[in-house]
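Below is one structure; the comments refer to it alone.
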Amino acid sequence: MEKKRFIFDLDRTLLTCDYNIVETRIFEPIFGDETEKLMKDIGPLLDYYEMTHSHYDDEVLSEFLKEQSGLPFTPEIIRGWAREISSDADTMEDGVIELLEHLKSKDKSLVVLTNWYGKSQIPRLKEAGIYDYFDLILTGEDQLKPHPRAYLRAIDGYDPRECFMVGDSVIKDYGAPRLHGIESVLYDKDDVHDKKYVKIKKLTELIKK
């Protein structure tokens, strides 16, 4: 069946931010010497939150992180965190513009499905100059991957067989979409994942496919 809607992850698929630098700058004035340990834990903690919660909420996330890390997270810290990330320069992944231009020239519908706050992600897309390519942007306040509703909202009335997802997460962008009938490809530019997955190292490979 012809693919009519293409669903993209954002982080490390379209744009890449050095979160270690940004988050260390945010957290050091608040948590001091505890920041180094927090920086090792924050990625796994967010992954755990995303697997066990349906969406991001300032109050819920701050309580979760306070309980899991033992640090005095507050909703104000969460809001400041999202604002600071949105203000930092990103690196655009190679081939993004070329691929988006190609898909739009073929009248394809494009979607961003991302697991972080819209108040961070939407300004990043605008700053990168790629916001207007997308017909729909779903963020972590809407629904978190890999929960089924995230993919159903991304489909938004299309037949799953008409949809195609691209992202860097084996679980959230590759495996889970397939459970709902959405063909997917794993963006693995550093070739670190098992060859059993359908992978691409360059986004422009999708143009040839």
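Taken together, the values in this text are just the output of simple stated rules run on the coordinates, not laboratory data. Please read these numbers as outputs of a predicted model, since none were measured by experiment. Glycine gets a Cβ as well: all are built from the backbone with ideal geometry, and neighbour counts include every protein chain shown.
Within the set of other residues whose C-beta is less than 11 Å from the C-beta of His147, count the net charge using Lys and Arg as +1 and Asp and Glu as -1. Write out the running numbers ahead of the final one.
Values: positive: Lys145, Arg149, Arg153, Lys172; negative: Glu50, Asp142.
Computed value for this residue: +2.
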Fill in the blank from the handout: Summed over the other residues with a beta carbon less than 11 angstrom from that of Trp81, with K and R at +1 and D and E at -1, the charge totals 0
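Rounded to the nearest 5, what % of the DSSP beta bridges within the chain are antiparallel ones? Write out the running numbers ahead of the final one.
Working: 2 of 20 bridges.
Once the DSSP bridges in the chain are tallied, antiparallel ones form about 10 percent.
Ordered by packing density, taken as the mean number of other Cβ atoms within 10 Å over each peptide's residues, highest first, how do 134-140, 109-115 rank?
Those peptides, ordered most packed to least, come out 109-115, 134-140.
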Fill in the blank from the handout: Quotient of Cα radius of gyration and Kirkwood radius for the range 19-86, i.e. Rg/Rh, equals 0.92
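How would you rank Cys17, Cys163, going from fewest to most other Cβ atoms within 10 Å of each one's own Cβ?
Cys17, Cys163
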Fill in the blank from the handout: In terms of the charge dipole of the chain, which places +1 on Lys and Arg and -1 on Asp and Glu at the beta carbon, the residue among Ser105, Pro29, Ala128 farthest towards the positive end is Ser105
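Could you work out the Rg to Rh ratio of the range 82-158, with Rh taken as the Kirkwood radius (inverse of the mean 1/r over all Cα pairs)?
Details: Rg = 13.1 Å, Rh = 13.4 Å.
Rg/Rh for the range 82-158 comes to 0.98.
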Handout entry: Span-like helix ranges in the chain, DSSP H, alpha carbon extent 18 angstrom or more, Kyte mean at least -1.0
Key = 35-52
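Calculated from DSSP H runs of 4 or more alone, at -39500 (n - 2.57) each and per residue, what is the 222 nm mean residue ellipticity of the chain, nearest 500?
Numbers: 9 runs with 92 residues, N = 209.
-13000 deg cm²/dmol, from helical runs alone.
Which of the residue pairs Lys145/Lys195; Lys3/Lys40; Lys104/Lys201 have a Cα-Cα distance greater than 28 Å in the structure shown? Numbers along the way, then the final one.
Working: Lys145/Lys195 23 Å; Lys3/Lys40 39 Å; Lys104/Lys201 22 Å.
Where the Cα-Cα span goes over 28 Å, the pairs concerned are Lys3/Lys40.
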Handout entry: Sparsely packed GluC sites (Glu not before Pro) within the range 1-44, loop by DSSP, other Cβ within 10 Å at most 16
Key = Glu2
